[in-house]
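The values are calculated or read from the model by the stated rules, or taken from the named source; none is laboratory data. Bear in mind that the values here come from a model prediction, so they are computed numbers and not experimental data. Methodologically, a virtual Cβ is constructed for each residue, glycine included, from the backbone with ideal geometry; neighbour enumeration extends over all protein chains shown.
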Amino acid sequence: MKSLRVQFFSFLAVLLIVLLLMLNIFPITSSRDTVFQEKESSISGQAAILATSLAKLDKPDQASVGEVLRLLNITGFERTVVVDTRGQTLYYTYGTSAPESEEKDLNTALSGKTVFRSKYDGESFLSSYAIPISCQGAITGAVYLLERDVVRAVIILDVQSQIRIISVMIILVVLALAVVFSSVILRRIHDLASSMRIVAAGDYSHRMQISGSDELSDLGNEFNTLTERLDATERERRRFVSDASHELKTPLASIRLLSDSIVQNENMDTETVREFVTDIGNEAERLQRTTEKLLDLSRLDDDIQVIPEPVDVKQVAVDALVLLRPLAKERQIRLRCELEEGCVVMATVDDMFHIIFNLIENAIKYNLDGGSVFVRLETGPENIMLTVEDTGVGIPEEDRYNIFTRFYRVDKARSREAGGSGLGLSIVHAAVKAHGGTVQARNNCGLVIEIALPCEEGEEDEQNSDRGG
């Protein structure tokens, strides 16, 4: 697998090659084409003037043609050739040997066509032009001009040399910048990868040092945000495990102590044994309740998909109240209810029962003896509203936002005495959230818990229709 550095330099090399090829080819090609166009315009103009002047001669010969060239001052050509209609040379100036195309171009000119040729051989521009001599519509001969331009070639060679020097300088500068840039980028990526390995090893408190405001900085900020969440989750998990272990350890220790007392005391009377066994049963029941609540929370945390169904909240509340009346009677707590008909939500019966049962049980356990619990169920414009209010001491304001945290207790000693596990309101919060509702807590005379759950769609439509009617 190629490293990121190799991939980066490979891409940069390809990009440089393409850019340098364009830099070295396009200007030179463009300059040559410009010279070719200038040569064609210049030579064709002089050749046309010469051909027009020679057409006026009655009997052209070397002397008369030479006189015309002298008068026209047409000089600077490597070869100047004038032929008659039969191809016989009437005049010539030979500075170099004839190119292979000369005879062919003269024959083409005698047929009535013009021919221009130009090429660049790296040392000079060699340009030729052949044009017919025409008098009163009849061709009487042809003119051939050949020019060699070294000056333009030297200029283009100098430009090409300078471009190559500039190309080498560009390569060196780009490579230097690429090394610096890639080192900085790869160092930041390496730091991010190292931080990931540190967090993967279990150090959730590790944070990256962020500098800059580019995409890598955004990635580092997201990484720090993720590790903060992982750190918080890990702390909550450890606290949960510690609290759960403590909650399970306490009844187990009591059971172990009571059973050891029975086993070690051979002379224990029957009444004492019965009392100890009753205490063992109570602790086992407490252990069972805690375990069941932990299982409920685990199910809600796993987000197990359930099929919601229309649930009559009033009927569920009545069922929960039936089971809790003995506990309320034991504490001499009066239960008051205002349950409206037709309160239907899309949920499951078990979840709604857990919500209502835990709320009312919590209100009874943490109430004052001889107090009361008020349960109200009503329909709102879009939600079903469930309110459970007790006449207890309420909760301090600083603890109000923590009461839905697992195993959280405002008064731990009183909570254990009441048999609470600190899980009831956590189950309520998780279940309400799972069904798209909200839960709030506030103090009045005691603690007030308010829950809002979305109405069943059919029920809401029917209520809106009744309002419209």
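Numerical summary
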| read-out | value |
| --- | --- |
| Flag for residue 205 being of a type outside the set (A, V, I, L, M), surrounded by 11 or more Cβ atoms within 10 Å (Cβ to Cβ) and free of Cβ contacts under 8 Å to residues at least 24 places away in the same chain | no |
| Residues of region 99-110 that turn out to be buried (at least 16 other Cβ atoms within 10 Å of the Cβ) and not hydroxyl-bearing (Ser, Thr, Tyr), as a count | 6 |
| Any hit, region 208-216, residues being in contact with a helix residue (DSSP H, G or I) (Cβ under 8 Å, 6 or more places away or on another chain), assigned to a helix (DSSP H, G or I) and not charged (D, E, K, R) | yes |
| Listing of strands (runs of 3 or more DSSP E) fully contained in region 332-401 that carry 2 or more residues being among the polar types (S, T, N, Q) and under 13 Å from residue 451 (Cβ atoms) | 383-390 |
| Which numbered condition residue 59 fails, given (1) over 27 Å from residue 150 (Cβ atoms); (2) under 60 Å from the mean Cα position of the chain (by Cα) | (2) |
| Selection within region 272-286 - over 13 Å from residue 261 (Cβ atoms), within 60 Å of the chain's Cα centre (by Cα) and at pLDDT 80 or above | 281, 284 |
| First in region 344-369 and more than 15 Å from residue 390 (Cβ to Cβ), second anywhere and at pLDDT 85 or above and surrounded by fewer than 18 Cβ atoms within 10 Å (Cβ to Cβ), Cβ under 6 Å, 6 or more apart | 344/310; 344/312 |
| Residues of region 61-114 satisfying the condition of being among the basic types (Lys, Arg) and touching a helix residue (DSSP H, G or I) at 6+ places or on another chain (Cβ under 8 Å) | 79 |
| Qualifying position, being of a type in the set (Val, Ile, Thr), farther than 30 Å from residue 156 by Cβ and touching a residue at least 60 places away in the same chain (Cβ under 8 Å), among 82, 35 | 82 |
| Condition check for residue 161: loosely packed, with under 11 Cβ neighbours inside 10 Å and part of a helix (DSSP H, G or I) | yes |
| Criterion: farther than 30 Å from residue 170 by Cβ and in contact (Cβ under 8 Å) with a residue 12 or more places away in the chain - qualifying residue of 66, 45 | 66 |
| Within region 137-169, tally of residues that are in the same structural domain as residue 116 (by TED's automatic domain parsing), in contact with a Leu (Cβ under 9 Å, 6 or more places away or on another chain) and of a type outside the set (Val, Ile, Thr) | 8 |
| Test: residue in region 129-143 that is among the polar types (S, T, N, Q), free of Cβ contacts under 8 Å to residues at least 24 places away in the same chain and under 14 Å from residue 54 (Cα atoms) | yes |
| Filter result (surrounded by fewer than 18 Cβ atoms within 10 Å (Cβ to Cβ) and touching a strand residue (DSSP E or B) at 6+ places or on another chain (Cβ under 6 Å)) within region 136-147 | 139, 140 |
| Within region 112-135, considering residues that are part of a strand (DSSP E or B) and under 58 Å from the mean Cα position of the chain (by Cα), the one surrounded by the fewest Cβ atoms within 10 Å (Cβ to Cβ) | 119 |
| Filter pass, residue 382 being within 22 Å of residue 436 (Cβ to Cβ) and at pLDDT below 85 | yes |
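Residue-by-condition table, conditions (1) on the phi > 0 side of the Ramachandran plot; (2) at pLDDT below 80; (3) surrounded by fewer than 14 Cβ atoms within 10 Å (Cβ to Cβ):
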position	(1), (2), (3)
224	no, no, no
241	no, yes, yes
244	no, yes, no
256	no, no, yes
289	no, yes, no
299	no, yes, no
307	no, yes, yes
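Listed here are the residues, each with its yes/no results for (1) surrounded by 15 or more Cβ atoms within 10 Å (Cβ to Cβ); (2) within 30 Å of residue 161 (Cα to Cα).
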{"residue": "9", "(1), (2)": "yes, yes"}
{"residue": "28", "(1), (2)": "yes, yes"}
{"residue": "32", "(1), (2)": "yes, yes"}
{"residue": "39", "(1), (2)": "yes, yes"}
{"residue": "45", "(1), (2)": "no, no"}
{"residue": "51", "(1), (2)": "yes, no"}
{"residue": "57", "(1), (2)": "yes, no"}
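Results for (1) at pLDDT below 85; (2) over 24 Å from residue 221 (Cα atoms), shown as yes or no for each residue.
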site: 153; (1), (2): no, yes
site: 160; (1), (2): yes, yes
site: 165; (1), (2): no, yes
site: 177; (1), (2): yes, yes
site: 183; (1), (2): yes, no
site: 188; (1), (2): yes, no
site: 195; (1), (2): no, no
site: 204; (1), (2): yes, no
site: 208; (1), (2): yes, no
